[in-house]
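Worksheet for the structure shown next.
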Amino acid sequence: MNILVTGCAGFIGNKVSEILLNDGNQIFGIDNLNSSYDISLKKYRLNNLNLNSNFNFFELDISNYKSIEKNIFNPSKNIRFDIIINLAARAGVRQSVENPWDYYESNTIGTLNLLELCKKWNIPKFILASTSSLYGLNKNMPFLEEINTDQVLSPYAASKKACEVLAHTYHYLHKIDISVLRFFTVYGPAGRPDMSIFKFIKSIDEAKPITIFGDGTQSRDFTYVDDIAAGVISSIRATGYQIINLGNDKPIILSNIVELIENYLNKKAIINYTPAHAADVKDTWANIEKAKNLLQWGPTISIEEGIKRTVNWYLENKTWLSKIK
Ligand SMILES: NC(=O)c1ccc[n+]([C@@H]2O[C@H](COP(=O)([O-])OP(=O)(O)OC[C@H]3O[C@@H](n4cnc5c(N)ncnc54)[C@H](O)[C@@H]3O)[C@@H](O)[C@H]2O)c1
């Protein structure tokens, strides 16, 4: 298949592209290589994809419709795409409070542009990365896809809610098959350096203090990146408009994550506690019955195994990672 993957230099987009390339697909990857975090990590991921001759990279911004159409959908290029997988986004809850505009540009306008391209160029399938942040302060856990997601807590979650709703209109009006995947806190090797697990591993190893927002009892349904990527790929065959949770179905509190990292590094954390951030949700836990039934998907990597692999990757790459900000 010819597949357009946006955010291919990102944490999840990179893993999805890698697996699809290994399966023999032709990947057209877009990323604007923005400075949301240290670019050397994005280049590291991209270098791995560039080793495969079926990978074609375009440094473009999905919020710029004209540049995407000119560079990729130009009729002279004569490429018929089977799917767009939209993993490009400004991610991160707290940063979205500081700069909501970037989030709406990349996430919402970006998604709108890609949906328009599906419509115009007859691309039958669109996959959208959404988030567990949509469940906000809901207390009915594990979260079912059907529960109300109108009370979101951050501009990031609001931008994703807008994407979900936009995607529905394109399914309704233009019969595009759309899978909206709500990811639950993704972690793993080459993860995002602005996320807790990466920050904790690096700081604990370097004997620097870590910051915990709140008292450490907040829980997340941490899900290993390979499992998330497998879920994205299995959603290719889903038809209609489907909202599907992809989570580990085993929430774990943040303090236990710190303990696991301490054990694998054989070092003690120095912990600074600061008040919880208002935009952070307290707990997340996915109900994954729909993913099991519709996609025959389920998580396969335990948190112990996943953290061990992530720590090992960090130790193997420690020299250049020490320079990551
Ligand atoms: N990592 C998680 O825990 C998590 C949880 C829920 C949802 N998600 C969603 O999954 C997707 C991937 O997240 P990730 O963790 O891999 O983040 P990431 O930041 O590592 O990857 C996103 C990539 O998109 C690129 N990008 C951003 N805006 C762009 C634009 N306008 N044009 C082109 N490229 C752009 C970035 O440069 C980056 O490489 C995002 O949509 C995110 O919101 C992630």
**Fill in**
Counting only residues that are closer than 22 Å to residue 94 by Cα and among the charged types (D, E, K, R), the stretch 33-69 contains a total of 2
**Asked** Within the stretch 226-242, can one find any residue that is surrounded by 14 or more Cβ atoms within 10 Å (Cβ to Cβ), more than 24 Å from residue 165 (Cα to Cα) and in contact with a Pro (Cβ under 8 Å, 6 or more places away or on another chain)?
**Response** yes
**Selection count where residues are under 18 Å from residue 299 (Cα atoms), surrounded by fewer than 20 Cβ atoms within 10 Å (Cβ to Cβ) and either free of Cβ contacts under 8 Å to residues at least 24 places away in the same chain or touching a strand residue (DSSP E or B) at 6+ places or on another chain (Cβ under 7 Å) (or both), scope the stretch 244-256** = 2
**Request:** Answer yes or no as to whether residue 76 is modelled with pLDDT under 95, away from the ligand (no atom under 11 Å from the Cβ) and in a helix (DSSP H, G or I).
**Result:** yes
**Request:** Kindly indicate whether any position in the stretch 82-97 is more than 13 Å from the ligand (Cβ to nearest atom), surrounded by fewer than 16 Cβ atoms within 10 Å (Cβ to Cβ), under 25 Å from residue 171 (Cα atoms) and not acidic (Asp, Glu).
**Result:** no
**Prompt:** Which of the residues belonging to the stretch 285-321 are loosely packed, with under 13 Cβ neighbours inside 10 Å and part of a loop (DSSP other than H, G, I, E, B)?
**Reply:** 296, 300, 302
**Asked** What is the number of the single condition among (1) surrounded by 20 or more Cβ atoms within 10 Å (Cβ to Cβ); (2) in contact with a helix residue (DSSP H, G or I) (Cβ under 7 Å, 6 or more places away or on another chain); (3) not hydroxyl-bearing (Ser, Thr, Tyr) that residue 110 does not meet?
**Response** (2)
**Prompt:** Residues in the stretch 186-212 that are at positive phi and crowded, with 20+ Cβ neighbours inside 10 Å: how many?
**Reply:** 2
**Prompt:** Does the stretch 1-51 hold any residues that are without any contact (Cβ under 8 Å) to a residue 12 or more places away in the chain and either among the aliphatic types (A, V, I, L, M) or buried (at least 24 other Cβ atoms within 10 Å of the Cβ) (or both), and which are they?
**Reply:** 39, 51
**Prompt:** Here are some residues: 97, 93. Which one is in contact (Cβ under 8 Å) with a residue 40 or more places away in the chain and touching a Pro at 6+ places or on another chain (Cβ under 7 Å)?
**Reply:** 97
**Request:** Tell me, yes or no, whether the stretch 36-50 has at least one residue that is within 13 Å of the ligand (Cβ to nearest atom), touching a Leu at 6+ places or on another chain (Cβ under 6 Å) and either charged (D, E, K, R) or modelled with pLDDT under 95 (or both).
**Result:** yes
**Request:** Search the stretch 265-287 for residues that are more than 18 Å from residue 197 (Cα to Cα) and pair each with any residue that is surrounded by 10 or more Cβ atoms within 10 Å (Cβ to Cβ) and small (Gly, Ala, Ser) when their beta-carbon atoms are under 6 Å apart and the residues are at least 6 apart or on different chains.
**Result:** 279/154; 286/247
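The values are calculated or read from the model by the stated rules, or taken from the named source; none is laboratory data. Worth saying up front: this structure is predicted, and the values here are computed from it rather than measured. For neighbour counting, all protein chains shown are included, and Cβ atoms are generated from backbone atoms with ideal geometry for every residue, glycine included.
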